[in-house]
1. Quick one: how many residues across segment 692-713 are more than 22 Å from the chain's Cα centre (by Cα) and hydrophobic (A, V, I, L, M, F, W, C)?
2. Which residue, of Pro803, Pro815, Pro837, Pro900, is in contact (Cβ under 8 Å) with a residue 40 or more places away in the chain and within 42 Å of the chain's Cα centre (by Cα)?
3. Could you run through segment 768-785 and say how many residues are over 44 Å from the mean Cα position of the chain (by Cα) and without any contact (Cβ under 8 Å) to a residue 24 or more places away in the chain?
4. Which condition from (1) out of contact with any helix residue (DSSP H, G or I) (no Cβ under 9 Å at 6 or more places or on another chain); (2) more than 26 Å from Gly697 (Cβ to Cβ); (3) not aliphatic (A, V, I, L, M) is the one that Gln623 breaks?
5. Among the candidates Ala854, Ala870, single out the residue that is part of a helix (DSSP H, G or I) and surrounded by 19 or more Cβ atoms within 10 Å (Cβ to Cβ).
6. Could you figure out which of (1) buried (at least 20 other Cβ atoms within 10 Å of the Cβ); (2) under 23 Å from Gly248 (Cβ atoms); (3) not charged (D, E, K, R) isn't true of Ser68?
7. Please work out which one of (1) in contact with a strand residue (DSSP E or B) (Cβ under 8 Å, 6 or more places away or on another chain); (2) more than 7 Å from ligand 2 (Cβ to nearest atom); (3) among the hydrophobic types (A, V, I, L, M, F, W, C) is the condition Leu278 fails and give its number.
8. Any idea which residue in segment 873-892 is nearest to the chain's Cα centre (by Cα), counting only those that are within 14 Å of Leu764 (Cβ to Cβ) and exposed (fewer than 15 other Cβ atoms within 10 Å of the Cβ)?
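The values are calculated or read from the model by the stated rules, or taken from the named source; none is laboratory data. It should be emphasised that the depicted structure is a prediction, and the values quoted were computed from it without experimental measurement. Note that we place each Cβ from the backbone using ideal geometry, even for glycine, and neighbour counts take in every protein chain shown.
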Amino acid sequence: MTERELKAAFARLSPEERKALFAEENREWLEALEYVLRVEGPERVEELFRLLDEYLYLQGYTPQNRLSTPYLNTIPKEKEPPYPGDLELEGRIVNILRWNAAMMVARANQKADGIGGHISTYASIAELYEVGFNHFFRGPEAGLERDLVFFQGHSSPGIYARAFLEGRLKEEDLENFRREVHPPAEGGRGLSSYPHPWLMPDFWEFPTVSMGLGPIQAIYQARFMRYLEDRGLKPKSSAKVWAFLGDGEHDEPETVGALHLAAREELDNLIFVVNCNLQRLDGPVRGNSKVIQELERLYRGAGWHVIKVVWGSLWDELIAKDKEGHLLRRFEALVDGESQRYAAFGGKELRERFFNTPELKKLIEGLSDEELTELTRSRGGHDLKKIYAAYKAAVEHKGSPVVILARTIKGYGMGPTAMAKNVAHQVKKLTEEDLKEARRFLGIPVPEEKLKELPYYHPGPEAPEVRYLLERRKALGGFVPERRVRFGGGLEVPDEAFFQEFYEGTGERAISTTMAFVRILAKLLKHKIGKYIVPIVPDEARTFGMEALIAQVGIYSPKGQLYIPVDAGTLTAYKESKEGQILEEGITEAGAMADFIAAGTAYAHWGVPTVPFFITYSMFGLQRVGDLVWAAADQRTRGFILGATAGRTTLEGEGLQHQDGQSQVYALAAPNLLVYDPAFAYEFAVILEDGLRRMYGEGEDVFYYITIENENYPHPPMPEPREEVKRGILKGLYLFRKGEGEGPRVQLLGSGPILPQAIKAQDLLRDFGVVADVWSATSYKALYLDAIEAERERRLLGRARTPYVAEALKGHEGPVVAATDYLKALPNLIRGYLDRPFCALGTDGFGRSDTREALRDFFEVDARHIAYAALALLAEEGKLKGEVLEEARTRLGLSLKEAPPHRR
Ligand SMILES: Cc1ncc(C[n+]2csc(CCOP(=O)(O)OP(=O)(O)O)c2C)c(N)n1
Ligand SMILES: [Mg+2]
């Protein structure tokens with residue numbers, strides 16, 4: 001019987017007959033298997049399974065639930081859709097782009113040796129981008145249907161080359177690649193080395209070149225789109241997040257660390273495209289195995305849909321001829337280091353080393369070395385048709401994120417120095433031979449004698465290539481990348497009256513700054529802008545006393561809540577909901593930071609001014625995810641990061657892994673990150689009020705880092721005059737309590753939880769006849785930046801301006817003692833701008849598990865040490881007798897150790 005007849009007969013069976021047939025079949029298969037297992041052994045079972053798999057793959061069927069599939073394209077030739085574009089034109093365009101990108105890098109290095117740049121990465125990924133540009137990426141005019149595209153960072157030359165062909169960049173601009181500060185070409189703009197929204201705010205959207213940060217951000221952007229949609233803050237759309245990554249980039253934990261989240265949340269709006277050129281910077285990514293196979297297992301294991309694009313069209317015929325699976329088995333034995341050789345050395349190498357059995361040789365009978373060389377270059381990731389098939393399937397796929405693993409050649413078409421060589425990554429200059437070969441390979445019509453000039457090639461605005469690509473971009477909604485800010489500001493943020501209650505103090509009640517924050521947050525959530533607030537926690541909500549908020553606004557879960565929580569019925573029931581507002585990330589600060597970025601950039605991407613509050617254990621915040629904080633700064637993220645349980649001596653009992661005495665110092669680095677260390681609720685309220693106004697009222701590109709603690713003490717009302725105090729809080733310093741009486745004077749600066757210690761020290765000093773003014777130093781970073789600005793104005797602009805810190809202390813005589821729960825480096829930042837004796841007390845050194853009292857004694861930052869430091873400075877100045885110090889040591893009960901805390 002023919003297949004058709006069999007199918008017809010099967011279709012005629014009744015349900016009962018079918019059931020009987022299946023039972024019979026099952027019995028036959030199982031009996032056969034039982035025989036093999038018992039008699040021939042488990043190894044034979046494995047072999048049979050392998051054979052079955054192979055057979056199925058050769059029929060174009062990929063069984064589900066296998067971590068690994070053969071080294072073949074997931075979409076067989078028969079299932080490829082027709083190509084919707086002009087293959088020949090697109091092929092020409094991609095080669096022009098390759099050429100211009102290479103010329104741009106080579107020219108930059110000719111003019112300024114060492115300026116850097118990368119040729120080979122773009123050369124490998126060019127087709128993967130072009131299919132996207134011509135058929136998939138939806139641009140800014142597509143409104144909320146626009147896609148977010150993360151480009152491989154160091155492939156930027158190709159993106160500039162495309163913008164040049166599109167007419168968005170001029171030749172003068174390309175001449176300023178990596179010359180942003182002093183563009184040497186008249187009339188051009190500097191082009192940043194890599195995607196930097198800070199430097200090119202109308203062009204780049206996502207900073208990606210720090211390996212691993214692109215992928216994790218892409219995942220959370222896709223997830224945040226869903227969050228906005230589920231919460232009704234943005235209409236549902238078919239927008240996709242495309243992220244282009246390197247294969248080597250998968251060595252980074254951030255690349256792979258959130259894959260499971262994407263699968264768990266069924267993010268079918270997310271597509272990863274991995275440029276598997278099999279090389280990283282130093283050499284092969286996995287010379288001794290196959291990176292594509294490894295990544296397939298990784299992604300399938302995490303629950304992603306994997307589409308492999310391994311072989312180009314030239315291999316189709318050979319694969320079709322391989323009825324007995326010889327080629328398939330040879331593919332399995334192939335390792336990447338070997339593949340690389342074929343790409344580098346061509347057909348002869350392939351014939352000798354790859355087609356190395358009589359059966360394999362038979363497959364290539366009649367093919368010349370040149371034809372075999374073509375075969376070495378025929379890789380899926382350079383084949384427009386194969387790429388299109390994969391992208392189409394990816395876009396149509398439902399229910400999970402998709403990864404496309406596309407095999408390419410590093411330095412494709414760039415001549416013998418670069419192509420598939422281990423040095424490819426670093427090649428920035430091309431030899432004469434390379435230029436000739438590249439010109440031939442890419443078919444660039446520039447005269448040979450001009451090659452030395454490294455000429456760009458633009459076929460002119462009316463050329464078919466240019467018209468085609470412009471028409472395609474028009475159809476897809478405009479140019480990509482293009483950064484458009486869809487919300488510039490103007491949100492009606494809470495006014496002073498809203499915050500008033502927090503200005504009035506807590507009376508006798510002792511609370512922590514964390515509690516103050518949680519109260520303000522709870523109130524904010526009920527305000528008109530409350531729907532925009534996005535609380536983000538990495539499994540620490542209870543630590544920070546936020547459990548009531550979980551019941552109040554719920555944790556976001558696209559599945560809602562499929563169970564009755566054990567604490568149902570209580571006021572703090574664990575509530576998950578589709579409209580939930582809190583992003584409970586679990587134990588991933590990197591993930592929570594990526595959330596923060598997604599929520600803090602939604603103003604630009606979606607025109608939705610969400611306000612993220614990322615509350616983290618401060619020790620595991622900036623120290624752990626500092627690079628993501630930098631990326632947040634670069635892409636103009638807005639919002640508040642709260643470093644909770646902060647302070648080296650304020651978090652008692654924990655020890656050196658938890659006690660943060662440094663995040664305030666790390667926060668100095670990001671230029672647009674404002675940093676505060678508030679002591680009281682009213683300080684916090686003032687900072688928050690101002691931050692909301694600046695970021696969401698006025699649309700300023702800044703964000704905030706604020707440390708909060710869990711030490712309870714009464715919070716006083718805001719001192720008078722309030723306008724002055726408010727100004728001082730924001731500028732970093734204000735007079736909290738003036739010292740009354742006669743005697744030598746000192747100035748005590750305290751910050752955060754150490755401010756109450758400075759206040760106590762004021763009382764202690766009175767017993768020694770010393771009068772102290774007490775200041776709250778809310779931001780050393782703010783004071784420092786103002787001081788270096790003033791210094792620069794004087795030096796370069798000839799304008800004499802006293803730094804704010806010196807201006808504020810004017811008229812308050814005496815030496816300064818500045819005490820903090822962070823490194824002494826922090827108060828020492830302002831030392832040079834004050835013309836008087838100065839002592840910084842801080843917490844340099846490893847933390848210890850003990851009580852606050854013991855810790856502050858150990859680190860020498862308690863009230864007694866502050867008072868003693870003040871006395872010592874006065875004695876040095878001759879304003880007190882030396883004997884006072886000895887007496888003070890006894891009266892204050894200081895037992896001094898020889899070694900400083902940072903050496904203990
Ligand atoms: C976090 C980080 N570490 C190191 C680098 C330096 N670096 C830039 S590109 C690169 C190799 C990238 O290899 P791969 O991801 O395979 O990209 P390819 O260029 O091969 O496409 C390295 C190590 C970086 N940019 N970021
Ligand atoms: Mg690579």
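1. The total comes to 2.
2. Values: Pro803 fails: in contact (Cβ under 8 Å) with a residue 40 or more places away in the chain; Pro815 fails: within 42 Å of the chain's Cα centre (by Cα); Pro837 fails: within 42 Å of the chain's Cα centre (by Cα).
When all the criteria are applied, what remains is Pro900.
3. Looking only at segment 768-785, we keep the residues that are over 44 Å from the mean Cα position of the chain (by Cα), and these are 768-773.
Then keep just the ones that are without any contact (Cβ under 8 Å) to a residue 24 or more places away in the chain; that gives none.
Counting residues in segment 768-785 that are over 44 Å from the mean Cα position of the chain (by Cα) and without any contact (Cβ under 8 Å) to a residue 24 or more places away in the chain gives 0.
4. In the conditions (1) out of contact with any helix residue (DSSP H, G or I) (no Cβ under 9 Å at 6 or more places or on another chain); (2) more than 26 Å from Gly697 (Cβ to Cβ); (3) not aliphatic (A, V, I, L, M), Gln623 misses (1) alone.
5. Details: Ala854 fails: surrounded by 19 or more Cβ atoms within 10 Å (Cβ to Cβ).
Just one listed residue meets the conditions, Ala870.
6. Among (1) buried (at least 20 other Cβ atoms within 10 Å of the Cβ); (2) under 23 Å from Gly248 (Cβ atoms); (3) not charged (D, E, K, R), Ser68 violates only (1).
7. (2)
8. Thr890
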